[in-house]
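The values are calculated or read from the model by the stated rules, or taken from the named source; none is laboratory data. Computed from a predicted model, the values in this text were never measured in an experiment. A quick note on method: Cβ atoms are made from the backbone with ideal geometry, for glycine too, and the neighbour counts reach across all protein chains shown. Keep in mind that these areas ignore ligands, DNA and RNA; they rest on the heavy atoms of the full protein, side chains included. Shrake-Rupley method; radii C 1.70, N 1.55, O 1.52, S 1.80 Å.
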Amino acid sequence: MLSFIISIFVSAFLLFQVQPIIARYILPWYGSTPAVWTTCMLFFQVGLLFGYAYAHLLTKIAKPKHQALIHLILLFLSILSLPITPDDSWKPMAGQSPFMSIITLLITTVGIPYFLIASSSPLFQHWFSRIYPDRSPYRLYALSNAGSLLGLFTYPFLVEPLLTLKDQTLSWTVGYGFYIVACLWCAFFLFRMTSHKSKKLIERKKEEKVAFEWVLWLLLAACGSTLFLAVTNQMCQDIAVVPFLWIIPLSIYLLSYIFCFNNPRWYRRSFWIPVLVVVMFPFVYLLTRDPDIRLQILIYCVVLFSCCVICHGELYRLKPPNSRLTFFYLIITLGGAFGGFLVNIAAPLTLKGYWELHGSLIFTVVLAGICIFVRRNGKVKTPFPRKRAILWVAAVI
């Protein structure tokens, strides 16, 4: 079990370290414009989605031991692309499209290693469920987000001040080598998996699939992502455009996943839904007044955490059996990307102001109401609780 803990934690840490390292490395080459960071974030978000899709596809087309063999072969082949330090030959020439140049650079330097570590969390959790069929692998997702959070905080406070850019890329390469060793450790236990455990897993009772339950997973994940990005934009608009105000919302977003997936008892509707109603009052106050900056940050953080806990708590409550674990995570990642599309592309084109936060808050309330009438297996409660529905609609109005 320790091998999976280390592998998932290290992969998540590397995932969030490589993004600022590469972006910081190539930023001066393109005039230090915001478009460089936006293009990098787009690439890494799409790479994460492809990594989760690869993990899901691999678990569907190959047996567990073959999955490990394929993944290890790809890992060893990816060594040929190391180190991830961009060569000076990648510096753009006059008249060259920055977007295509950055995308090509990222694919060539860090594309393959990033793609493989992006697939680690769902793939290793699937392996974990095969080796330990009586243990829930979902707690490892909280561990993955903890590794991401550590990677997020250590870069601006430790890595960037203490290491040069070239040393940063070299140290990440060393960390990637350690990750490969940890993957070998996990594969060793998978290869040792006895036929008795495999038979036991196959004979476990299958849970009934519910049509379109993935739509609710998608909407809950998209709502959390939209909230995080909308709060970030709102804070930068009302307060200042500084990196510190980018880190805080992302940290709260990751913390909500850790909170909900680490222990199911920490999310209680009887507590968090009333909290959601209560935090709307200081939010309305924030919209009508101009309080102290510290109070503004506090209110935004409380609103974001409360809403994300409800979205991700309901997401955990509706999680599928382990046999569909990789598909569940694929939909979550797709929902996160959809939230990014709504805030970064759709909202600026369709809205004349920063209204995405208001819309996402209303959407959170609506989703919470829908989830109240849905059972843990994704089915609507029967008989339908009409009185509860009327009370919820009245409360929303």
For the condition modelled with pLDDT under 90 and of a type outside the set (Asp, Glu), what is the one hit in PHE128, PHE153, PHE115?
PHE153
Has region 159-171 got any residue that is within 21 Å of LEU48 (Cα to Cα) and either open to solvent by less than 60 Å² (accessible area, probe 1.4 Å) or in contact (Cβ under 8 Å) with a residue 12 or more places away in the chain (or both)?
yes
Helices (runs of 4 or more DSSP H) completely within region 61-129 that count 1 or more residues being open to solvent by 70 Å² or more (accessible area, probe 1.4 Å) and more than 21 Å from VAL10 (Cβ to Cβ):
64-78, 98-106
Do any residues in region 350-375 that are assigned to a helix (DSSP H, G or I) have Cβ atoms under 6 Å from those of residues that are hydroxyl-bearing (Ser, Thr, Tyr), where the two are at least six apart or on different chains, and which pairs are they?
SER360/THR226
Filter result for ILE332 (under 28 Å from PHE124 (Cα atoms), assigned to a helix (DSSP H, G or I) and at pLDDT 85 or above):
yes
Which residues, taken from region 1-25, are more than 16 Å from LEU170 (Cα to Cα) and modelled with pLDDT under 90?
MET1, LEU2, SER3
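Quick grid of which residues meet (1) surrounded by fewer than 23 Cβ atoms within 10 Å (Cβ to Cβ); (2) outside any helix (DSSP H, G or I); (3) at pLDDT 85 or above:
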residue: LYS197; (1), (2), (3): yes, no, no
residue: ARG204; (1), (2), (3): yes, yes, no
residue: GLU207; (1), (2), (3): yes, yes, no
residue: VAL215; (1), (2), (3): yes, no, yes
residue: GLY224; (1), (2), (3): no, no, yes
residue: VAL231; (1), (2), (3): no, no, yes
residue: LEU250; (1), (2), (3): yes, no, yes
residue: TYR253; (1), (2), (3): no, no, yes
For region 312-326, which residues satisfy the criterion of being open to solvent by 10 Å² or more (accessible area, probe 1.4 Å) and in a helix (DSSP H, G or I)?
TYR316, ARG317, ASN322, SER323, ARG324
